[in-house]
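Below is one structure; the comments refer to it alone.
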RNA sequence: CGGGGCGUAGCGCAGCCCGGUAGCGCGCUUGGUUCGGGACCAAGAGGCCGGGGGUUCAAAUCCCCCCGCCCCGACCA
């Protein structure tokens, strides 16, 4: 491609609305333009990268036996009513105004619909079906450029199996394919155990990339041998002790003590003898959650324990139900509440907690003797510095960007849509499904996040829009133009993607643009070196410059690209 | 949806407090000089100051409403 003819609108200044490097560079390099919040036009240069990423994804999906579909973005709303997801997605689902249609935010329903009608026997499975298509979600807050958009390209695949072993196999195949895809795209990623959330299902892992711009929080062992989304992360922490003797309950006056820290300071005791109470609504049930000391409640964990949405109780409701305020709530003699406790407190005695009476606490609480605990669960949020559950050193807490997510869905959708097959005995069984997504734009943005410098993007060969960027330093020099044109044509002939800066502008301008656009190799054809029969090859990543004999330039470029 | 910021030429911004003919840099056009790290000189084009309403002799500027964009939070299969 000749730059003089190409539509690649580069920008020198940092766009006002872009905050993270990938967003700034994608705009400056003329890859994308914003149309509306979370909605981007992909310009030719950006689209070229997108196609290369899609090719890699396709190759790896095909390699595990995937078959590509092209599915409708417009779906009948009835289909989504049947799985209960009109409600589940809520305002996140785009509705069409003048037809009973929705814009598909994902494609479990359609896949299931097809499977229901055409997968009839266990002999028809396993199947791996995938699609690379635009998905629509009415994100309340699009952000970080293409990282979270209202319309985005996603590779979604679905496994259909007759057995749970089959599901495991399809899941593992995807995990392997995903590792290959992200590695080929030049990304440094890690895999974390994740919550399956409202998708339901038995297991799920996320492919994450460490980045301060990420929206997820990850706990990582020092050697990365343990990695989990904070939503489910655990750690090795000491439990509260059980003393042999359980003293009798005693009320203590604790005026104006509201927080655990204040309580510990006031009573001059260790945090580990304090049981913190936090109160939530789980749907319409008030739930008292007991945590040790100042442990932080993990709402995701609470949600999966309760199996429903949870939110903190309002101060007024709490007072109405207990007669006390937040700082003085405790598990003893509390009626009408479900009471659950963190595993750390299991069986403990000698604890101090609120007396359900303002400015009073109870001491010598024995959870077995004095309370009716409805269950002990892992409910706390891990903290940086705690020991990883596998003992591999201390945990780091980092931010991450989710690149891909793999789910063992099970039969959630096949149950509700009655997608069944007949097994060997002729019995109808629900098809067992898995669901596996990859955000295509995220691969691109993340690649730039991990591969850029102050001057611009540094593309990996695998997804670079062009492999070689020829710079004719001075278009007024016949020699320069002749050599540059010659090399350009040679590269085109051998099928190497090449961008040729033949614009009649100044050298500095061309060099800056070349670094900004970030092709792996720059070939600089200038009068000075040409006088000695040389051209210069600059490696974008290292900045290394190599002088090459003119007649060997094609060979050298080919060599450097392998 | 809560909190904050911003909206003036294609882009980046000043002007707004304190009302009085809309400015700077970059980019763009034409001509000339340049030609190895975003050149120089000269001449130009380009704006309903996000939209609507109000106050005023007069509004980019003051007041009210709306819209859009960005950030933090909530939310995020």
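Any read-out appearing in this document is the output of simple, stated calculations on the displayed coordinates, not a laboratory observation. Bear in mind that the values here come from a model prediction, so they are computed numbers and not experimental data. Don't worry about glycine lacking a Cβ; one is built from the backbone with ideal geometry, like all the others, and counts go over all protein chains shown.
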Convex hull volume per residue for the range A:1-146, taking Cα atoms only, in Å³
159 Å³
Translational D (Stokes-Einstein, µm²/s) of chain A at 10 °C and 1.306 mPa s when Rh comes from the Kirkwood sum over C-alpha pairs?
58 µm²/s
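Ranked highest first by the average count of other Cβ atoms within 10 Å around their residues, in what order do A:259-270, A:483-494 fall?
A:483-494, A:259-270
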Tell me the angle of helix A:108-118 to the major Cα principal axis of chain A, expressed in degrees between 0 and 90 and rounded to the nearest ten.
80 degrees
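May I ask you to derive the FRET efficiency for residue A:267 and residue A:224 from their Cβ-Cβ distance with R0 = 45 Å, giving the value to the nearest 0.05?
0.65
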Prolate/oblate/rounded call for the range A:380-523, Cα gyration tensor, a/c under 1.5 rounded
oblate
Cα-based Rg and Dmax for the range A:82-164, in Å, come out at 15.3, 46
Based on the mean of other Cβ atoms within 10 Å per residue, sort peptides A:75-86, A:99-110 so the most packed one is first.
A:99-110, A:75-86
Using the alpha-carbon atoms, what tilt in degrees (0 to 90, nearest 10) does helix A:507-517 show relative to the longest principal axis of chain A?
40 degrees
What's the angle, to the nearest 10 degrees (0 to 90), between helix A:44-63's Cα axis and the longest principal axis of chain A?
70 degrees
Suppose the Debye formula is applied to equal point scatterers at every Cα of the range A:468-561; what is log10 I(q)/I(0) at q = 0.11, 0.19, 0.25 Å⁻¹?
-0.25, -0.81, -1.51
A:433, A:50, A:125 arranged by Cβ crowding within 10 Å, fewest neighbours leading
A:125, A:50, A:433
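Given a Förster distance of 30 Å, report the FRET efficiency between residue A:396 and residue A:19 from their Cβ-Cβ distance, rounded to the nearest 0.05.
0.80
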Residue separation times 0.36 nm, minus the C-alpha to C-alpha distance between residue A:476 and residue A:544: what's the value?
21.8 nm
Run the numbers on chain A and let me know its relative contact order in percent, using alpha-carbon pairs under 8 Å that are six or more apart.
17 percent
Which ordering of A:281, A:459 is given by a fewest-first count of other beta-carbon atoms within 10 Å?
A:281, A:459
Give me the tail of P(r) for the range A:250-377 as a percent: Cα-Cα pairs with distance above 19 Å.
42 percent
Return an integer: the convex hull volume of the alpha-carbon atoms of the range A:17-99, in Å³ per residue.
179 Å³
